[in-house]
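To start, the structure under review is shown below, and the notes come after it.
Every number in this text was worked out from the coordinates using simple rules, so none of it is lab data. These figures come from a predicted structure and were not determined experimentally. Heads up, the Cβs are rebuilt from the backbone with ideal geometry, glycines too, and the neighbour counts pull from every protein chain shown.
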Amino acid sequence: MKAKCRHLQDSGFTVDETDGEGTTSLHFAAGNGYDEVVEVLLNAGANLETHDRSDQTPLISAASGGYVEVVDLLIRAGANLEAKARNGTMPLGSAAEFGHVEVVKILIRAGANLEAKDKGGWSPILAAARGGYVDVVDLLIRAGACPEAKDYCGWSPILAAAWRGHVDVVEVLRKASPNSSTHIILERQPWDLAVAYGDADVVDLLTRGEHVDGVEVLLKAGANRLEWAATKI
């Protein structure tokens, strides 16, 4: 390893040189999962916190790509867990958004902020719920993330999951939050979205055990859903 670093230095290679997009060699290696190259560059003194044109650091790039070994290397080298991309996303949010459960585990163990939000107010659990990544949602909840955290427009994890038809995620979130049923009855948005997109399983789960007028809700979706509603109330 030392010999490789000396060879880079002797050849006149500038470890933090960037291309036209602001990408360094470490960015490229981290974003493509080349852990051996990342290790060489780190030993050669590469800057951990350089930002490319999208303001992503090497750690954010590696986290969004799901590269466990690279993420581990960068964290052990001291990479900033709270670094933000242009949209405000941090490494944990990037990993959660793409369902990279093993990367999420590493970042949680390293102390990443479970409630960090991007510029739209999306927290890691909200991003994971929208994507349907039930293992990530469950992991975040067990680590202490708030299952009812909303973005700046009022979207909650259960609402995002219902919108996309992720019935398994809806079920996990309902179990995690003792008030989730009350919120669903009062707000109604998860029902309306699930119905509008024809997700009968989600609607069935949301109405299970609740004394609500399922027909009234499902009328918004058209007569073809009315017969189904009548069998559920």
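One table, with the values for the structure above:
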{"quantity": "Relative contact order of region 1-89, pairs being alpha-carbon contacts under 8 Å that are 6 or more residues apart, as %", "calculated": "28"}
{"quantity": "Efficiency of FRET from Cβ geometry, Asn47 and Ala143, R₀ 41 Å, rounded to 0.05", "calculated": "0.85"}
{"quantity": "Charged-residue dipole, Cβ positions (Lys, Arg, Asp, Glu), region 1-89 about Cα centre, Debye nearest 20", "calculated": "120"}
{"quantity": "Listed residues Val101, Ala79, Gly121: farthest to the positive end of the dipole of region 46-121 (Cβ charges)", "calculated": "Gly121"}
